[in-house]
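Below is one structure, written out as structure tokens, with a few remarks after it.
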Amino acid sequence: MTHDASQTIPPSYPENRGCPYELPDGYRRLRDEGEPLRLVTIAGGRSAWVVTNFDVARRLLTDPRMSSDRTRPEYPRGNAARTEGRRDERPTLLAMDPPEHDRQRRMLTGKFSAKKMGLLREDIERIVHGYLDSMLEAGSPADLVADFALPVPSSVICLLLGVPDLDHGFFQEKSRQLLQGTDATTVRAALQGLGDYFDSLVTKLQREPATGVMGELVADQLAAGDLTRQDVVAMGGMLLVAGHETTASMASLGMVSLLDHPDQLDTLRADRSLIPGAVEELLRFLSIAGIVTTRVAAADIDVDGQLIRGGDVVIIDNFIANRDGVAFQKPDVLDVRRADRRHIAFGYGIHQCLGQHLARLELEIIFNALLDRVPTLRLAEPTEQLRLRPGNTIFGVERVPVAW
């Protein structure tokens, strides 16, 4: 039986967070009403389904009838200016369906394996402690985002890709413009800037082969004709933006959450073996990539008696799904002893985050380093005064003033 949208006015989606880690009131109502699917109103006045149930979310994320192809006419355009700015952007893995998605992903999977990422531990520790040295030498107060949480993953992804670390400031700015730009000109310029950079890098790597993911793609897939030059350029930009923005947000927001829950912070200080599980809990608790998992139904899908029609937009918001009380006991409580990896903060199914092993390793090292070296770290202004990003992008905080 389908929902008659004419009977009610669906609530607007997405909703901005008023707190870094608490569900907005509208999301809480959607979840607590107990329906696994709820109609909402998205940009342009269109209707879409939001998934509020954890098990249904995982089921739909593995359903081949759910399309990620952003070239579909039904796919929501979101922010009009940003969409217009990205109109000519080449599709990447996030916006592809099989078989092309699977073909390209196989080229990258081995480069981001848990074993490969483990080999980077010493390099990541060196980078983390280097930026921590600089922050501590500059003295209290500091901005945890600009001075530490953002440059660390930027340097790590530059190392992994094989691009000069000196350029990470350029990448940070272009990524910010691409993800948060509000006018088409800014977004298009950011996209062009990243494209030009990686196009020049491909030329250099063809002339002077080098190690790193980009060097391997050029030497192997590009040389063999398995990827076009444009594919390699687009892949490099995708990996770079995805590889530092999300981890930077998790590092800064994770620390804010722990500082706001001193009992949990004290638990970690007393038992460092809990850090890996605490990372999983923070990933679940914060779920910063909610709106990213937007799909279009390629065919009719029955979900426990509710019909999703072909062409319908379906948003699998992991912030809501990861707060499902059936899947997680006391879901709105931060519990660093929970250590439950079933969350879908990294997505689920064929589009599950390629860099999840790297992100976990970085966050473990970051939190251990902060606990070791800045035991008196505290927020320098109240959490409610932090400037949070809007709900229609990867969630994050602009700056986190801290003191010690």
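How do 142-153, 298-309 rank on mean C-beta neighbours within 10 Å, highest first?
Top to bottom by mean Cβ count within 10 Å: 142-153, 298-309.
Students often get this wrong: which residues of the stretch 295-335 have the backbone nitrogen under 15 Å from the point 7 angstrom along Cα-to-C-beta of ARG46?
295-299, 309-316
Using the 2.2 N^0.38 Å rule of thumb for compact globular proteins, work out how the chain stacks up: its C-alpha Rg over that value, please.
Against the empirical 2.2 N^0.38 Å value, I get 0.98 for the chain.
Over the stretch 335-404, with the other protein chains present, what is the accessible area per residue in square angstrom, probe 1.4 angstrom?
Normalised by residue count, the accessible surface of the stretch 335-404 is 43 Å².
Given R₀ = 25 Å, FRET efficiency for SER12-GLN356 by Cβ-Cβ distance, to 0.05?
Computed FRET efficiency for SER12 and GLN356: 0.20.
Largest first, how would LYS174, LYS115, LYS204 line up by accessible area (1.4 Å probe)?
The most accessible residue leads, giving LYS115, LYS204, LYS174.
With label points built 7 Å along Cα→Cβ from the Cα atoms of TRP404 and ALA380, find their separation and express it in nm.
1.3
Scan around LEU37 for amide H atoms under 5 Å from its own, H built in the peptide plane at 1.01 Å from N, and keep only partners 5 or more places away or cross-chain.
THR52
Per residue of the stretch 390-399, what does 6.51 cos²θ - 1.76 cosθ + 1.60 with θ = phi - 60° give for ³J(HN,Hα)? Whole Hz please, x for Gly and Pro, Karplus curve as stated.
Each residue of the stretch 390-399 in turn: x, x, 9, 8, 4, 6, x, 10, 5, 8 Hz.
Evaluate E = 1/(1 + (r/R0)^6) for CYS19 and GLN206, where r is the Cβ-Cβ distance and R0 equals 41 Å; express this FRET efficiency to the nearest 0.05.
0.25
Considering only DSSP beta bridges where both residues belong to the chain, give the percentage that are antiparallel (nearest 5).
Just about 85 percent of them are antiparallel.
In nanometres, what is the gap between the two model label sites at ASP266 and ARG373, each 7 Å from Cα along Cα-to-Cβ?
2.7
Starting from the Cα of ASP300, step 7 Å along the direction of its Cβ; do the same at THR109; then give the gap between the two resulting points in nm.
3.4
Would you mind telling me the share, in percent, of accessible area of the chain contributed by carbon and sulfur at probe 1.4 angstrom?
50
For CYS19, CYS158, give the ranking by accessible area with the largest first, probe 1.4 Å.
If we order CYS19, CYS158 from most to least accessible, we get CYS19, CYS158.
ASP102 to ARG90: extension gain in nm, 0.36 nm per residue of separation minus the Cα-Cα distance?
2.7 nm
On a full-extension model of 0.36 nm per residue, what is the gain between ASP196 and ASP220, subtracting their alpha-carbon distance, rounded to one decimal in nm?
6.5 nm
The values are calculated or read from the model by the stated rules, or taken from the named source; none is laboratory data. Since this is a predicted model, take the numbers as computed values, not measurements. All Cβ positions, glycine included, derive from the backbone under ideal geometry; neighbour counts span all protein chains shown. Protein only, heavy atoms only, side chains kept; ligands, DNA and RNA dropped before computing areas. Shrake-Rupley method; radii C 1.70, N 1.55, O 1.52, S 1.80 Å.
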